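Structure, as structure tokens:
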Amino acid sequence: MNKFFLAVIFLFPALFTNASDGDFAVSKIPAPLLKNANVIKRTEEETFELKNAGEAYHTYHYVLTIMNENGDKYAELTQFYNKFVDIRSIGGTLYDANGKEVKKLKNKDLQDVSGTGDESLIDDTRYKVFQFYYKVYPYTVEYNVEVKYNGTMFYPYWQPCDGEKVAVEESHFIFSCPSNYEFRYKALNYQGEPAIQNKNDRKIYTWQVKELPAILEEDLSSSLKKLTTYVRFGPTDFEMQNYKGNMRTWQDLGKFVYTLRMGRDDLPAEIKQKVHQLTDGVTDQREKIRLLYQFLQSSTRYISIQLGMGGWQPFDAKYVSSKGFGDCKALSNYMYSLLKEAGIKSFYTLITAGDEVDEVMTDFPSASFNHVILFAPVNKDTIWLECTSQTLPAGYLGEFTSNRWALAVDENGGILVHTPKYDLKENLQIRKVKAVLDDQAYLDAKIATRYEGLQQDHVHELINYLSKDKIKEHLQKYLDLATYDINSFDYKENKSIHPFVDESLDISISNYATITGKRLFIQPNIISRSYRKLKSGEERKYDIVLKTEYNDIDSVEIELPKGYEPEVLPQNVSVASKFGNYSCSVSLKDNKIYYYREVKQYSGIFPSKDYDDLVKYYDAVYKADRNKLVFVKKENN
């Protein structure tokens, strides 16, 4: 038997022995861990044994008690495999509430499923999946998984509490490597340092935690890994499919990525000719980039390719040109090649797209990227290019990749760069409403809205990917009005580095106002009401995170039916806070209501002690947005 695993048996014998009846009885769970928990992680023993720079073994044993149906998803086993990950063994056992064995997992019970059901994806990753489907609560599942890594660019991470309302009784992570190998780790919310043993020319590191209570996630807080124990591991020297690399620094990682791209930027002769046809004689660099980006968009489409090193190595430019498609790597490399032919330097840039804005730890180099974009320096400015999009304007990224760290790569290696943050001045929504109310409370409104920056992202998607009928269907559900008809709508899009969309709506609203007797009640804020409400009276534990800033401005004019005079007008409202500013005002002139509203939402991280102030701010906005005017019918003399 492997000497390392002999050491592990000595340290954690439970990993290699069967549980006795009753070992996992629910009655043995410490009472404090039951509070707020859908799942109790009874034990977790995870080992990662690095044999050399190109081979490793990962063994994972864990036991979960599922307290109710909300925890069922954790009872499902899902293990991926591909060219670089071989599954050596999988085992599993189901126990009842008393810890008595109910059923064992058999190999024939494992489902083998594709890594994708999407025809736009080409992926050699597959999954072994299993679920006991037991519905007598509480119950316990135990799983053992061993896999072999044929390449060591990616290490697992350790996060004992891996979900909301998951409590942890005990968890261990063991990392073993040759004594002369330098591996790296970064720990968040872990007390102390790992225990270290030197045994048989190997170093063995052990992290462990016990009795972690369930976490209740809070509105507007950081990602879970910032709230609980989390340790990220990373290699120095590594190998992937005969490619050797190093990850000591971001520059080193960039050199490896550059190596994967070497010789893949040569264009076919006819495409070189097309580049010069488009750009020769154009003196403005930005215009050259825009023209070539439009050519890319019109001649290619996106398809994800994750075959072998295809997860990191792009198909060459000639392949993309001949096929007319590519993934983010291939399309970015193709755009790089087009720009290079035009004499424009650009940078192939790795990034983590989507919600995980803070995935990159700037002081810990790692291959924690899922996407590739491009940027080209122009004078003292930067033109960013999302090469998978057929609709975005050159120079604009959007919420998918903005405001985060990325790794720019060239022949010198990698360097961290930060993508643009779109701020208050750029994320605008400017709305003007002209409406007429009749004496039957029927409102006709013409609404002109300009969406800018991140505020136009959803409208851009709407008008570029949906049919007119689908857009109308969306609009019929989108507006928070009881009964209304969309008479007409229109969109005009400005595709520039600071994009905006102009929306024109003509709508009719039944029973918009309330008429009782001789009084008429009406809300002047027709379609821009805030719906943000936070729970009050709760003790806040974590910092408040406001990710996006924006500025909304509304001007509303409502013509009233004849014969009414004001009885109650709301006071003007002005609310200033560290989270944002709000103001609204109402005036009357010539039988018309004039309503003005402005919201400025700031971004930032605020201490938990400010939570009550945030609740009050949002409550004040919510209330002010629903203020009503009261009019009374004039008496006939």
Matching residues in region 191-204 - criterion: being part of a loop (DSSP other than H, G, I, E, B) and either hydrophobic (A, V, I, L, M, F, W, C) or loosely packed, with under 15 Cβ neighbours inside 10 Å (or both): Gln191, Gly192, Glu193, Asn200, Asp201
Residue in region 536-550 that is in contact (Cβ under 8 Å) with a residue 40 or more places away in the chain, part of a strand (DSSP E or B), buried (at least 19 other Cβ atoms within 10 Å of the Cβ) and touching a strand residue (DSSP E or B) at 6+ places or on another chain (Cβ under 6 Å) present: yes
Unique residue being at negative phi, basic (Lys, Arg) and crowded, with 22+ Cβ neighbours inside 10 Å when the list is Lys425, Lys329: Lys329
Selection within region 620-630 - farther than 19 Å from Glu567 by Cα and crowded, with 17+ Cβ neighbours inside 10 Å: Val621, Asp625
Candidates Ser368, Ser389, Ser402, filtered to the one that is at pLDDT below 95 and assigned to a loop (DSSP other than H, G, I, E, B): Ser368
Filter result (more than 22 Å from Asn370 (Cβ to Cβ), assigned to a loop (DSSP other than H, G, I, E, B) and among the aliphatic types (A, V, I, L, M)) within region 262-320: Met262, Leu267, Val282
For Ile527: the one exception among (1) among the aliphatic types (A, V, I, L, M); (2) in a loop (DSSP other than H, G, I, E, B); (3) within 30 Å of Asp358 (Cβ to Cβ): (3)
Residue match in region 121-128 (condition: in contact with a Gly (Cβ under 7 Å, 6 or more places away or on another chain) and buried (at least 19 other Cβ atoms within 10 Å of the Cβ)): no
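Condition check ((1) in contact with a strand residue (DSSP E or B) (Cβ under 6 Å, 6 or more places away or on another chain); (2) within 24 Å of Glu559 (Cα to Cα); (3) aromatic (Phe, Trp, Tyr)) across all residues:
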| position | (1), (2), (3) |
| --- | --- |
| His458 | no, no, no |
| Ile463 | yes, no, no |
| Phe489 | yes, yes, yes |
| Ser496 | no, no, no |
| Ile509 | yes, yes, no |
| Tyr512 | yes, yes, yes |
| Leu520 | yes, yes, no |
Candidates Ala214, Ala195 - the one that is among the aliphatic types (A, V, I, L, M) and either over 22 Å from Gln159 (Cα atoms) or in contact with a Lys or Arg (Cβ under 8 Å, 6 or more places away or on another chain) (or both): Ala214
One residue from Gly395, Gly413, Gly453 being out of contact with any strand residue (DSSP E or B) (no Cβ under 9 Å at 6 or more places or on another chain) and either at positive phi or assigned by TED's automatic domain parsing to the domain that holds Ile526 (or both): Gly413
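Per-residue answers, yes or no, for (1) loosely packed, with under 15 Cβ neighbours inside 10 Å; (2) under 27 Å from the mean Cα position of the chain (by Cα):
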{"residue": "Lys589", "(1), (2)": "yes, no"}
{"residue": "Tyr594", "(1), (2)": "no, no"}
{"residue": "Val599", "(1), (2)": "no, yes"}
{"residue": "Tyr602", "(1), (2)": "no, yes"}
{"residue": "Phe606", "(1), (2)": "no, yes"}
{"residue": "Lys609", "(1), (2)": "yes, yes"}
{"residue": "Tyr618", "(1), (2)": "no, yes"}
{"residue": "Val632", "(1), (2)": "no, no"}
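The values are calculated or read from the model by the stated rules, or taken from the named source; none is laboratory data. In this text the structure is predicted, and so the values were computed from the model without any measurement. Neighbour counts run over all protein chains shown; Cβ positions are idealised from the backbone, glycine included.
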